[in-house]
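Pasting a structure here, questions to come.
Throughout, read-outs are computed from the coordinates displayed, never taken from laboratory work. From a predicted model like this one, the values you see are computed outputs, not experimental measurements. Note that each Cβ is placed from the backbone with ideal geometry, even for glycine, and that neighbours are counted across all protein chains shown.
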Amino acid sequence: MQIKKINVFFESHLAGILFLLFFFSEAYSKYCIVYSDGKSLIPAAIKFLAITFFIIMCIRPYQNLLRIVSLGVVFCVGQLFIDQGFTTNILLSFTKFIFPILLFTYFHIYKQSGRSRQLFFSIFELILIINSVLIIMGFLFDIHLFDSYRGGRFGYNGLIISSSTASYVYTLTLFYLLLKYKSLFFKNWRSFLILFSCILIGTKLLYISILGTLFVFIFYYANLKRIQKQIFFLTLALLGFIFIYLFFFQYGTFNKIREQQGLISSVLSFRDDLLFNTTIPFIQNNWKWPNYLFGGIPDLSLRSQMGFIDVFLFWGILGGILYLYYFCRIYVTFALTKSVLYFLFILVIVVFLAGNFFENASVAIYLLILKERLIDDSTFAQKKTINE
């Protein structure tokens, strides 16, 4: 009887448990990197157990298994035409790619109850508040554990393991808060705390996300007249242009990069160099015709670090389309309102400009939070319509 209660508790609160395990194991790993010069194996072990569990639980109905099998076939065909195609790192990268699909599939089959979902939200909000406080402490007291970067570049991300992960996490958090508070977004202290943290993290992607979130707020959630929205829009656009001018043409690291390497390198943080000097030459010199359809790489250092390009590098043209189709099909199970479409558009821009989105298990759990928030909103809207 006691074991049954434990199983029920585990199933009901799996999302929250996974979130806590992922966050604190990666926080410990970051501590090891900063103070011990070595990455902990604990996060990888937790993710391995999680993916094994999801594979077992998602075998039925069989179309769920078909997704993974078809992606596995695409992966194997592509790697067969590459020398040393089945290295440990590449096999691990394959499991990282399929993890989000398995995660979303599991929670699509085994839906969370309203109570479990609310607890999941509460855990998420508490952890992000704590991490945001740590970001501010890192800024005020120059605590190296909370740095976004090594080497003196400005930025603090708390206990999140990397700057790119922090960009994704806080972008999704901005969307989450706007969906939760809507017209009251700027009347809640959490919003200001997260916005301030986004500024301190110091990545271009988060500044884009802030501007995008403000645009969505003005046009879809703010209780303003049309002329007021237009004035705010023009003001934000002007501030955006001023910010771009100062950021890329007057001050700081990216101005120096622009002067030395050009504007594109500054915007893409040298990812264009990776693309044209590493990724494309590898494709030209090593790919055979099946690779153009199914992808294939022997070494992860060949990636461009731009999300969508790396999907097609790993999976090829047909494989990449199939992967993105499966990803979107299992993720988008909520109502696609205009505001949600704008959120997704902003996210697409962010993913295009940064790497390790689809193959980052930690990002997947935050995507799940946003998905559950959207499902919760859709359910509430449906109930409201029925009652009316």
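Please tell me the relative contact order of the chain in percent, rounded to the nearest whole number, where contacts are Cα pairs under 8 Å and at least six residues apart.
23
Given 0.36 nm per residue, what is the gain on full extension from GLU11 to TYR62 after removing their alpha carbon distance, in nm?
16.2 nm
Also: Helix-derived [θ] at 222 nm for the chain: sum -39500 (n - 2.57) over DSSP H runs of at least 4, divide by residue count, nearest 500?
Taken over the chain, the calculation gives -24500 deg cm²/dmol.
Treat every Asp and Glu Cβ in the chain as -1 and every Lys and Arg Cβ as +1, leave all other atoms uncharged, and give the resulting dipole magnitude about the Cα centre to the nearest 20 debye.
Roughly 1180 debye, rounded to the nearest 20.
Shifting gears a bit: Among LEU80, CYS32, GLN112, whose Cα projects farthest towards the positive end of the dipole of the range 18-113, with charges put on the beta-carbon of Lys, Arg (+1) and Asp, Glu (-1)?
After comparing all options, I get GLN112.
Let me ask something else about it. Rank by packing, highest mean first: peptides 125-136, 229-240, with packing defined as the count of other Cβ atoms within 10 Å averaged across residues.
For the peptides 125-136, 229-240, the packing ranking is 125-136, 229-240.
Just to confirm my numbers, what's the Cα centroid distance between the range 256-288 and the range 149-222 in Å?
28
Let a ≥ b ≥ c be the square roots of the eigenvalues of the Cα gyration tensor of the range 203-362; is it rounded (a/c under 1.5), or, if not, prolate (a/b larger than b/c) or oblate?
oblate
Could you name the lysines whose alpha carbon sits less than 17 Å from that of LYS256, not counting residues in the same chain fewer than 8 places away?
Result set, ordered by chain and number: LYS204.
Convert each backbone phi in the range 260-276 into a coupling constant with the Karplus relation 6.51 cos²θ - 1.76 cosθ + 1.60 (shift: θ = phi - 60°), then list the ³J(HN,Hα) values in order as whole Hz, x for Gly and Pro.
8, 10, x, 5, 4, 4, 5, 5, 8, 6, 6, 5, 5, 5, 4, 5, 7
Please compute the Kirkwood hydrodynamic radius over the range 1-386, one decimal place, Å, based on all pairs of different Cα atoms.
22.3
Please report, to two decimal places, log10 I(q)/I(0) for the range 271-388 at q = 0.13, 0.15, 0.23 Å⁻¹ as given by the Debye formula with identical point scatterers on the Cα atoms and no solvent.
Taking Cα atoms of the range 271-388 as identical point scatterers yields -0.61, -0.76, -1.33.
Among the listed pairs LYS187/LYS229; LYS225/LYS338; LYS30/LYS371, which are separated by more than 21 Å between their Cα atoms?
Distance filter (> 21 Å) returns LYS30/LYS371.
Still on this model: State whether the range 43-105 is rounded, prolate or oblate according to the following rule on the C-alpha gyration tensor (a ≥ b ≥ c being the square roots of its eigenvalues): a/c under 1.5 gives rounded; otherwise a/b larger than b/c gives prolate, and the remaining case gives oblate.
oblate
Another question about this same structure. Around TYR156, which amide H atoms from residues at least 5 apart in sequence, or from another chain, sit under 5 Å from its own amide H, with H modelled in the peptide plane?
The list, which skips near neighbours in sequence, is SER148, ILE201, GLY202.
Okay, next question. Kindly rank 312-318, 166-172 from highest to lowest mean number of other beta carbons found within 10 Å of each residue.
166-172, 312-318
Quick check: residue separation of LEU263 and ARG226 times 0.36 nm, minus the Cα distance between them. What number comes out in nm?
9.7 nm
Per residue of the range 53-59, what does 6.51 cos²θ - 1.76 cosθ + 1.60 with θ = phi - 60° give for ³J(HN,Hα)? Whole Hz please, x for Gly and Pro, Karplus curve as stated.
Listing the rounded values in order: 4, 5, 4, 5, 6, 9, 4 Hz.
Which shape class, rounded, prolate or oblate, goes with the range 95-201 when its Cα gyration tensor gives a ≥ b ≥ c as root eigenvalues, a/c under 1.5 marks rounded, and past that a/b bigger than b/c marks prolate?
The shape class here is oblate.
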